[in-house]
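Quick notes on the structure that follows.
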Amino acid sequence: MMASRRLLAWGALASSLLLASPSLARTETTPVGEIEATIGDAPYVGATLDVPSEGTSTAEYQSFGPVLSISIQAHDPQSDSIMHNVLSVEISLMGTDASASLMDGSSVSWWPKGMSEPFYMSENSGQEPEIVLEALSLEEGAARARGRFSARMCRQDGFTSEPDLTDCLTVEGRFDTALRKGG
């Protein structure tokens, strides 16, 4: 289960970071929302980005029967590289509105150096993340998610390594973003 969650988180981030490859720097993006947070003691503000020419976004949702998966990945506009300092909130819900119940598998992760290691994940940190959806709309053309989160994220030196429970950061924040239906 732990390995599959890591692979899902890696896959979601990899998709986002592929968007954020050097070609993204040359591709027109549109900010569609943001995550404001405190990571450890440091303030963080990152933008979720829509890539109209590719029909993709760093804030997307997908339905799998009664399960709704929401991926919100914010990129720090102040970072030297759009691939660095990515904060990701992954939400799994049973249901399709703000009253839906949160499922196991929701997570918060921080990728200070992009796909380079180390990174920080809430998975297996000893504490489940708290994610509260205050508003959720999946209306075509107006899909949006707003909420807050808090988590304990622990350092991992690689995708197959165990988290270092002695090197953890708390993160607390809010998100408000448009969502695009993923494919």
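We did not get these values from a lab; they are worked out from the coordinates using the rules stated. All values reported here derive from a predicted model rather than from experimental measurement. Cβ coordinates were reconstructed from backbone atoms using ideal geometry, including for glycine residues, and neighbour counts include every protein chain displayed.
Summing +1 for each Lys or Arg and -1 for each Asp or Glu among the other residues whose beta-carbon sits under 14 angstrom from that of T56 gives -2. Placing +1 on each Lys and Arg Cβ and -1 on each Asp and Glu Cβ, with no other charges, gives the stretch 2-181 a dipole about its Cα centre of roughly 220 debye. Peptides 152-164, 120-132 ranked from most to least packed by the mean count of surrounding Cβ atoms within 10 Å: 120-132, 152-164.
Taking 0.36 nm per residue of separation and subtracting the Cα-Cα distance, what length does fully extending D157 through Q62 add?
Numbers: separation 95, 0.36 × 95 = 34.20 nm, distance 2.94 nm.
Length gained, D157 through Q62: 31.3 nm.
Label-to-label distance, D97 versus E130, with points set 7 angstrom from Cα along the beta-carbon direction: 2.5 nm.
Relative intensity of the chain on a log10 scale, I(q)/I(0) at q = 0.13, 0.16, 0.18 Å⁻¹, equals -0.59, -0.93, -1.20, per a Debye sum over C-alpha point scatterers of equal strength in the absence of solvent. Along the stretch 172-183 the Karplus relation, 6.51 cos²θ - 1.76 cosθ + 1.60 evaluated at θ = phi - 60°, assigns HN-Hα couplings of 9, x, 9, 10, 8, 8, 5, 10, 10, 5, x, x Hz to successive residues, with x for each Gly and Pro.
Here the Karplus relation 6.51 cos²θ - 1.76 cosθ + 1.60, evaluated at θ = phi - 60°, turns the backbone of the stretch 128-145 into coupling constants of 6, x, 9, 10, 10, 8, 8, 8, 8, 10, 10, 4, 4, x, 9, 5, 7, 9 Hz, with x for every Gly and Pro.
Using 1/(1 + (r/R0)^6) with R0 = 45 angstrom and r between the beta carbons of E140 and L165, what's the FRET efficiency to the nearest 0.05? Intermediate values should be presented prior to the final figure.
Working: r = 43 Å, r/R0 = 0.96.
About 0.55, to the nearest 0.05.
Protection proxy ranking for 138-146, 66-74, using the average of other Cβ atoms within 10 Å per residue and placing the highest first: 66-74, 138-146.
Percent relative contact order of the stretch 58-120, based on C-alpha pairs within less than 8 angstrom and at least six residues apart?
Working: 124 pairs, mean separation 16.5, N = 63.
Answer for the stretch 58-120 is 26 percent.
For the chain, with a Gaussian network of springs between Cα atoms less than 10 Å apart, report the residue from S79, S107, S92 with the top mean-square fluctuation. Taking springs between Cα atoms under 10 Å, the residue moving most is S79.
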